[in-house]
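Working notes, beginning with the structure itself.
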Amino acid sequence: MDHFQLKDSIVHCEEVPLPLIAEAVGTPVYVYSSATMRRHARVFREALEPLSDPLVAYAVKANPNAAVLATLAREGLGADVVSSGEYARARAAGIAADKIVFSGVGKTVEEMRLALEGGLCQFNLESLEEARMLAEVAHSLGKAAPAAFRINPDVEAGSHAKISTGAAHNKFGLPIDDALAAYRLARTLPGLDVRGVAVHIGSQLTSLAPLERAFAKIGELIRVLRADGHRIDTADLGGGLGVPYDPAAPLPPSPEDYGEMVRRLTDGWDVRLIFEPGRLIVGNAGVLLTRVIRVKPGVVHPFIIVDAGMNDLMRPSLYDAWHAIEAVAPRGEQWVANVVGPVCETGDTFATARSMDRVEADDLLFFRTAGAYAATMASTYNSRPLTPEVLVDGDRWAVVRERIDVEALIKADRIPYWMQP
Ligand code: LLP
């Protein structure tokens, strides 16, 4: 359920008509609904009840906009971060340090130092090599770093290959068969306080079965570790729950189904559970609003050329992702068309032979489910400005990220001294 609905024949975000934002800010522009984000945060938390005191650490990478983080901070969410930049953003948005989990396969010494000095819930370590480095950094600061090992359970997530992370050949995590030895060694390192396990097998999962397989392996590992004398206080179950993109596809499992599965699988673990949802919280809370530049006849179907490009929304070109594309003021007619951007690559194609609303030049279209992994993955390829972002709350709206224009891009470049007059 989201808050992008037709009212009086015009699509609104909550109480605000999308054309109003397009006129005032220009296109392309991302538009987020506060009510949808708040609703998803609550639905997820409620689905976990009656687990005692779980930490829901929103995966900042999905959408790191300051206003989005501040909205979620007010809902009591923590943050899962993977860089010093995300750590700084989470703190700046008011997320308490002890609700921050630091994940990521390539944490640097500087990033470890920053998080140790600022405080955090735990680091999720991905190798023994990383554990040694963190131990050294923490020891030199006179601290003991709270940590968990992220375990690679060797489970195929069944998602797109580029966003599946839990198979043995993926770069992520410590192979489950090496875990016991790693925990034993880590215990000997001064500066390190390993007290948890973590797992994350991929994103946009449309079935609970791989998660169940992974969690079952983690449950068994917790038993083995405890029998070996290790203290395990936390289990971080990662993110990954898929959201609906294509209304014609089967619905992904609901948060309620997920919560039921988690309670069943973790029964008796006696740990604090941590969750890292990203897409589920913000995916359907955002749209990308774009204007039709022109419609060009095609050999088979017309090409709708819109002013958003692959640089603004990379998911279709990167993962062959399907996003619903609808008219803001539907004319009541359907046709079959291709939707493409202005970028000079064939990959700059959002939809091929799509049955959709018929549109003409200057009409507004919007891409649904563009709240997660959308604005944050945008680039300025083809020297296109970086897309602005707008947050709506009821009948109020505000630009929460200004358009980074071409002047700013040119200003950031430098002509070297030897080429200057
Ligand atoms: N935790 C870890 C360690 C992760 O790597 C991720 C996502 C999450 C949590 C959040 O997963 P979620 O709940 O959002 O599925 N750019 C891709 C998705 C990349 C996901 C990366 N990791 C896309 O557009 O589909």
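The values are calculated or read from the model by the stated rules, or taken from the named source; none is laboratory data. The structure displayed is predicted, hence computed values, not measured ones. Here Cβ is always computed from backbone atoms with ideal geometry, including for glycine, and neighbour counts include all displayed protein chains.
Considering every residue within segment 311-326, establish whether at least one is in a strand (DSSP E or B) and either more than 16 Å from the ligand (Cβ to nearest atom) or surrounded by 18 or more Cβ atoms within 10 Å (Cβ to Cβ) (or both).
Yes, segment 311-326 has at least one match.
Given segment 137-241, what strands (runs of 3 or more DSSP E) lie entirely inside it while holding 1 or more residues that are in contact (Cβ under 8 Å) with a residue 40 or more places away in the chain, among the basic types (Lys, Arg) and under 21 Å from GLY104 (Cα atoms)?
By residue number, 145-152, 192-198.
Regarding GLY283, is this residue in contact with a helix residue (DSSP H, G or I) (Cβ under 9 Å, 6 or more places away or on another chain), within 16 Å of the ligand (Cβ to nearest atom) and closer than 26 Å to PRO19 by Cβ?
For GLY283, the condition - in contact with a helix residue (DSSP H, G or I) (Cβ under 9 Å, 6 or more places away or on another chain), within 16 Å of the ligand (Cβ to nearest atom) and closer than 26 Å to PRO19 by Cβ - is met.
Taking VAL287 as the residue in question, decide whether it is of a type in the set (Val, Ile, Thr), in contact with a Leu (Cβ under 9 Å, 6 or more places away or on another chain) and outside the structural domain of LEU125 (by TED's automatic domain parsing).
For VAL287, the condition - of a type in the set (Val, Ile, Thr), in contact with a Leu (Cβ under 9 Å, 6 or more places away or on another chain) and outside the structural domain of LEU125 (by TED's automatic domain parsing) - is met.
Inside segment 134-175, can you point out the residues that are away from the ligand (no atom under 16 Å from the Cβ), within 27 Å of the chain's Cα centre (by Cα) and more than 28 Å from TRP322 (Cβ to Cβ)?
Listed by number, the residues that qualify are LEU134, ALA145, PRO146, ASP154, ALA168, PRO175.
Sort out which residues of segment 357-411 are touching a Phe, Trp or Tyr at 6+ places or on another chain (Cβ under 9 Å) and part of a strand (DSSP E or B), and write them in order of number.
Result: ASP357, PHE366, PHE367, GLU389, VAL390, LEU391, VAL392, VAL400, ARG401.
Which ones in segment 229-242 are surrounded by fewer than 22 Cβ atoms within 10 Å (Cβ to Cβ) and within 14 Å of the ligand (Cβ to nearest atom)?
The one that is surrounded by fewer than 22 Cβ atoms within 10 Å (Cβ to Cβ) and within 14 Å of the ligand (Cβ to nearest atom): GLY242.
Within segment 353-366, track down each residue that is surrounded by 14 or more Cβ atoms within 10 Å (Cβ to Cβ) and either of a type in the set (Ser, Thr, Tyr) or touching a helix residue (DSSP H, G or I) at 6+ places or on another chain (Cβ under 9 Å) (or both).
Correct list: LEU364, PHE366.
Being under 23 Å from GLU23 (Cα atoms) and touching a Pro at 6+ places or on another chain (Cβ under 8 Å), is that true of even one residue in segment 338-354?
Scanning segment 338-354 turns up no residue that is under 23 Å from GLU23 (Cα atoms) and touching a Pro at 6+ places or on another chain (Cβ under 8 Å).
Quick check on segment 368-385: of everything there that is of a type in the set (Gly, Ala, Ser) and under 25 Å from ALA59 (Cβ atoms), which residue is surrounded by the fewest Cβ atoms within 10 Å (Cβ to Cβ)?
So, considering only residues that are of a type in the set (Gly, Ala, Ser) and under 25 Å from ALA59 (Cβ atoms), the one surrounded by the fewest Cβ atoms within 10 Å (Cβ to Cβ) is SER379.
On the basis of being more than 16 Å from the ligand (Cβ to nearest atom), surrounded by 17 or more Cβ atoms within 10 Å (Cβ to Cβ) and of a type in the set (D, E, K, R), does ASP270 make the cut?
Spelling it out, it is not the case that ASP270 is more than 16 Å from the ligand (Cβ to nearest atom), surrounded by 17 or more Cβ atoms within 10 Å (Cβ to Cβ) and of a type in the set (D, E, K, R).
For segment 104-127, how many residues meet the condition of being among the hydrophobic types (A, V, I, L, M, F, W, C) and surrounded by fewer than 17 Cβ atoms within 10 Å (Cβ to Cβ)?
Final tally of qualifying residues: 2.
Taking only segment 48-69 into account, find how many residues are assigned to a helix (DSSP H, G or I) and more than 16 Å from ARG272 (Cα to Cα).
Here the count works out to 7.
More than 16 Å from the ligand (Cβ to nearest atom), loosely packed, with under 13 Cβ neighbours inside 10 Å and in contact (Cβ under 8 Å) with a residue 60 or more places away in the chain, is that true of PRO297?
For PRO297, the condition - more than 16 Å from the ligand (Cβ to nearest atom), loosely packed, with under 13 Cβ neighbours inside 10 Å and in contact (Cβ under 8 Å) with a residue 60 or more places away in the chain - is not met.
For (1) surrounded by fewer than 23 Cβ atoms within 10 Å (Cβ to Cβ); (2) within 21 Å of LEU114 (Cα to Cα); (3) in contact with a Gly (Cβ under 6 Å, 6 or more places away or on another chain), each residue gets a yes or a no:
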{"residue": "GLY26", "(1), (2), (3)": "yes, no, no"}
{"residue": "ALA57", "(1), (2), (3)": "no, yes, yes"}
{"residue": "ALA67", "(1), (2), (3)": "yes, no, no"}
{"residue": "ALA73", "(1), (2), (3)": "yes, yes, yes"}
{"residue": "ALA88", "(1), (2), (3)": "yes, yes, no"}
{"residue": "ALA96", "(1), (2), (3)": "yes, yes, no"}
{"residue": "PHE102", "(1), (2), (3)": "no, yes, no"}
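Condition first: in contact with a helix residue (DSSP H, G or I) (Cβ under 7 Å, 6 or more places away or on another chain), in the same structural domain as VAL197 (by TED's automatic domain parsing) and more than 16 Å from the ligand (Cβ to nearest atom). Can you find one or more residues in segment 251-259 that meet it?
Yes - at least one qualifying residue is present in segment 251-259.
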